[in-house]
Amino acid sequence: MDNLSFRADEMNLADMGGGGGTNGVGAHGKRKAAHDPDKVITVLGSGDYGRAISRRFVSAGYTVLIGSRDPNRSKLKNLVRQTGATLMSQEAAIKEAGVVVVAVGRDHYDHLPLSLLQGKILIDVSNNTERRKGPHSYRSNAEYLQGLVQEAKVVKGFNVLSAYALENGGLQGSKEVLLAGDHTDAKQKVSDMVRAMGFHPVDWGNLPAARDIEDVPLRLMPSWKRPVAVVFGIFVFLWILAFFSFQICHNMASGNWEEQWKHIPMRNFNRVIAITALWTLAFCYIPGLIAAYVQLWRGTKYSRFPKWLDNWLKMRKQLGLIMLGLAGLHACISVAYITPQTTAWVYEEPTKIQASVVLNADNTTTETITIYNSEFNWRGELFLVLGAIATCLLVVLGISSLPSVTATLSWREFTFIQSRLGWVALIAAASHDVFLAWHYMFLYWGCFRTLPIGPQYALYPPFIAVIMKLPLLLPPVDKYLQKIRRGYERGTHDETEKANLP
């Protein structure tokens with residue numbers, strides 16, 4: 001079939017420009033790209049994904065030819081026109097480009113004009129329909145394609161990007177694109193294309209690595225499993241502790257086993273998620289402190305951390321976002337829960353009056369009536385303000401960790417928010433806890449008057465973090481640590497030169 005470009009002057013490839021430059025690439029730029037064979041790409045497949053990746057290539061300055069088995073469909077012509085690409089038959093499109101994106105499923109590989117694909121760079125973007133289990137004895141889609149076209153250079157890539165991510169790349173501009181292939185020159189060319197599209201290429205090795213790459217989109221939040229398990233473990237431990245303290249122990253002391261059970265759904269839950277959030281926030285900073293002491297001990301930054309510490313450092317972002325969710329949940333419940341009746345110690349003293357109550361026509365009784373004061377005392381105001389400050393700072397920390405926001409920040413701005421403001425948030429949250437339970441914090445013990453109460457053990461990890469942080473703030477220690485992180489190595493002959501590295 002003949003070329004079905006939507007331009008009036010469609011006599012040759014150099015004049016092809018597509019649908020009016022709606023993607024930020026002008027007609028002049030498209031003509032210039034078309035003269036360069038390296039800037040011409042063929043996409044086999046006119047479905048949603050084929051059109052999405054075509055639009056992204058056009059935006060990156062490439063001339064894109066979409067090969068279709070039936071390029072005469074009027075509806076398809078209108079859809080392709082919107083991408084800025086040129087619709088052609090599969091045979092004609094393959095002949096015009098050295099790089100071909102195979103954007104069809106594995107079941108359709110056998111129906112492609114395979115003889116024309118020999119000698120081309122083929123980018124396989126397909127995925128599995130279900131995750132493979134057990135030994136990788138099967139062939140990936142990319143390996144299957146390589147077997148069909150043995151003279152081609154097959155590169156696995158782009159399968160981790162959805163059509164939505166391609167069309168809205170500004171939201172995932174730092175997303176990694178995993179690549180695999182047996183031909184270094186072909187992978188390098190595809191890597192350049194990935195960078196031109198605004199993504200980050202990552203080489204996973206030879207073509208058999210495509211088996212693992214094809215499984216990546218089918219994984220359910222792999223980087224979140226360990227952090228969720230850690231936080232859930234903390235929550236369960238604290239919930240059992242709270243249940244023993246507030247229900248079992250209290251009822252054993254009072255002898256009334258009908259008390260306190262109704263508080264399990266809300267009061268216990270709110271206490272536990274508050275303590276869990278505070279512990280999790282502290283656990284976001286403790287591994288960095290341990291890493292600093294390890295670097296000081298070893299006198300170098302080039303030595304690998306122990307595996308447990310390395311894993312802990314890698315999941316700090318997920319821990320922080322989980323902590324933000326717990327803190328938000330605690331704030332919402334507390335707004336509905338805290339009243340002069342439930343948290344009387346943070347309000348001004350209530351007024352008590354005695355009144356005669358008529359029981360019947362012949363009997364009266366005197367009862368004491370409490371009139372609660374809705375004004376916070378000084379401790380209550382500090383408790384409320386510090387909680388609001390901590391919540392606000394935690395929201396800022398969470399937002400700044402999003403890739404789209406991180407990309408707009410300099411390294412100094414990012415570290416200021418995540419480190420300086422993060423420590424302020426930790427101290428504010430711990431102080432919020434102190435002022436909430438001021439009387440109980442220092443004058444009261446829990447079960448059997450020996451075990452700590454919730455507001456006390458909530459402070460243990462934050463206290464450990466602060467104690468670990470203080471020595472690192474001493475000028476000589478901080479100066480030496482920064483020197484190590486700039487490249488200084490203790491005990492080497494060239495330590496002076498390394499210390500001067502930028």
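Å³ per residue of the Cα convex hull, for segment 300-436? If you can, show how the numbers build up before the last one.
Values: hull volume 23.1 nm³, N = 137.
Spelled out: Cα convex hull of segment 300-436, divided by residues, is 169 Å³.
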request  = Report ³J(HN,Hα) in whole Hz for each residue of segment 228-235, in order, from the Karplus equation J = 6.51 cos²θ - 1.76 cosθ + 1.60 where θ = phi - 60°; Gly and Pro get x.
outcome  = 5, 5, 5, 5, 5, x, 4, 4
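What translational diffusion coefficient, to the nearest whole µm²/s, does segment 146-251 have by Stokes-Einstein, given a Kirkwood radius computed over alpha-carbon pairs, a temperature of 4 °C and 1.567 mPa s viscosity?
Details: Rh = 17.1 Å.
Approximately 76 µm²/s, per Stokes-Einstein.
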key: Average projection area in nm² (convex hull over Cα atoms of segment 231-312, one quarter of hull surface)   = 7.0
task = Search the structure for amide H atoms under 5 Å from the amide H of Gly84, placed 1.01 Å from N in the peptide plane, and list their residues when 5 or more places away or on another chain.
result = Gly19
query = What figure in square angstrom, to the nearest 10, would you give for the accessible area of Tyr144 with a 1.4 Å probe?
reply = 40
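Considering only the other residues whose Cβ falls under 10 Å of the Cβ of Gly454, what net charge follows from Lys and Arg at +1 and Asp and Glu at -1?
Numbers: positive: Arg271; negative: Asp433.
Surrounding charge for Gly454 is 0.
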message = Please list, ordered by chain and number, the residues whose modelled amide H lies under 5 Å from the amide H of Ser68; skip anything fewer than 5 residues away on the same chain.
response = Met88, Ser89, Gln90
message = Which order do the peptides 472-483, 273-284, 295-306, 102-113 come out in when sorted by mean C-beta neighbours inside 10 angstrom, highest first?
response = 273-284, 102-113, 295-306, 472-483
inquiry  = Quick one: 3J(HN,Hα) in Hz for segment 344-350, Karplus 6.51/-1.76/1.60 with θ = phi - 60°, rounded, Gly and Pro as x.
reply    = 5, 6, 9, 10, 4, 4, x
inquiry  = Quick check: the distance between the Cα centres of segment 195-245 and segment 40-58, to the nearest angstrom?
reply    = 30
request  = Provide, for q = 0.12, 0.14, 0.19, 0.22 Å⁻¹, the log10 of I(q)/I(0) from a solvent-free Debye sum over equal Cα point scatterers in segment 40-122.
outcome  = -0.28, -0.39, -0.73, -0.99
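Kirkwood Rh over Cα pairs of the chain into Stokes-Einstein at 4 °C, 1.567 mPa s: D in µm²/s? It would help to have the intermediate numbers written out before the result.
Numbers: Rh = 28.2 Å.
Value of D from the Cα-based Kirkwood radius: 46 µm²/s.
Helix-only estimate, please: 222 nm mean residue ellipticity of the chain, summing -39500 (n - 2.57) across DSSP H runs of length 4 or more and dividing by its residues, to the nearest 500.
Working: 23 runs with 243 residues, N = 502.
Dividing the helical sum by the residues of the chain leaves -14500 deg cm²/dmol.
The values are calculated or read from the model by the stated rules, or taken from the named source; none is laboratory data. What you see is a predicted model; the values in this text were computed from it and never measured. As a convention, Cβ positions derive from the backbone with ideal geometry for all residues, glycine included, and neighbour counts pool all protein chains shown. Just so you know, the surface numbers come from the protein's heavy atoms only, side chains and all, with ligands and any DNA or RNA stripped out. Shrake-Rupley method; radii C 1.70, N 1.55, O 1.52, S 1.80 Å.
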